[in-house]
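A.B. asks: Pasting a structure here, questions to come.
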Amino acid sequence: MTLKHMLTTSLLLGIFAIAGTSMVALTYEGTEARIIDNDYQALLRTLHALVPPDSHDNDIATDTVTVTSKALLGNKKPSTIYLARLKGVPVAAVITAIAPDGYNGAIKLLVAIRYDGSISGVRVLNHRETPGLGDGIEIERSNWIMSFNGLSLNNPDELGWRVKKDGGIFDQFTGATVTPRAVVKAVHHALIYFKQHRDQLFNASAEASAAAQSD
């Protein structure tokens, strides 16, 4: 093989390598953008299922604060809280909460609480509970999760915030009491957190927004 041939081959290989790398990079960038957008749209659909879009006029998915409360929100890492407002007036907060004591591990929830302290809705984001037993917490599997709608810290009272087996008002699943017990406890704790920090949450977000606008 002549030197000229070797140089030509090396040049061609280099061009193909650059072209291939560029195509992979472009594909990744395009795919990454679509994934981010898909995740955003999925989140927005869930948030709007909990807090109807006609009840607020802000972008609930981006009007957020992050907080840390292992005791009440079940996570030692920061949790995101999504805030809904109408003409600047607080409407509701959607709290990311963790039920750490599920049967097969942690259960991640979104708990939507109106400004007056009543629950607008609850959804399960992630869990590893047993199919056919504990997965009844999913809205796609049963309407059990809807039993929280309209409730608050005072409705029922503290004793009522348990499954029926423990003397409360919430149904348990046949053969699976641990899962609903964990979810009920996590929702109750989210309500307590909201009561303790409601105005701080909305004020912190408003201050952060004002600071961003002034930069």
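The values are calculated or read from the model by the stated rules, or taken from the named source; none is laboratory data. Computed from a predicted model, the values in this text were never measured in an experiment. With ideal geometry, Cβ positions are generated from the backbone for all residues, glycine too; neighbour counts draw on all protein chains shown.
A.B. asks: Checking the condition modelled with pLDDT under 95, under 23 Å from Thr64 (Cα atoms), surrounded by fewer than 18 Cβ atoms within 10 Å (Cβ to Cβ) and of a type outside the set (A, V, I, L, M, F, W, C), which residue from Asn149, Asn126 passes?
C.D. replies: Numbers: Asn149 fails: modelled with pLDDT under 95.
Result: Asn126 is the single residue among Asn149, Asn126 that is modelled with pLDDT under 95, under 23 Å from Thr64 (Cα atoms), surrounded by fewer than 18 Cβ atoms within 10 Å (Cβ to Cβ) and of a type outside the set (A, V, I, L, M, F, W, C).
A.B. asks: Looking at (1) out of contact with any strand residue (DSSP E or B) (no Cβ under 7 Å at 6 or more places or on another chain); (2) at pLDDT 95 or above; (3) surrounded by fewer than 17 Cβ atoms within 10 Å (Cβ to Cβ), which is the only condition Ser55 fails?
C.D. replies: (1)
A.B. asks: Tell me which residues, restricted to the range 155-165, are surrounded by fewer than 12 Cβ atoms within 10 Å (Cβ to Cβ) and not in a helix (DSSP H, G or I). Give the derivation first.
C.D. replies: Start the filter on the range 155-165 by keeping residues that are surrounded by fewer than 12 Cβ atoms within 10 Å (Cβ to Cβ), which leaves 157-159.
If the condition is that a residue be surrounded by fewer than 12 Cβ atoms within 10 Å (Cβ to Cβ) and not in a helix (DSSP H, G or I), then Asp157 is the only one that fits.
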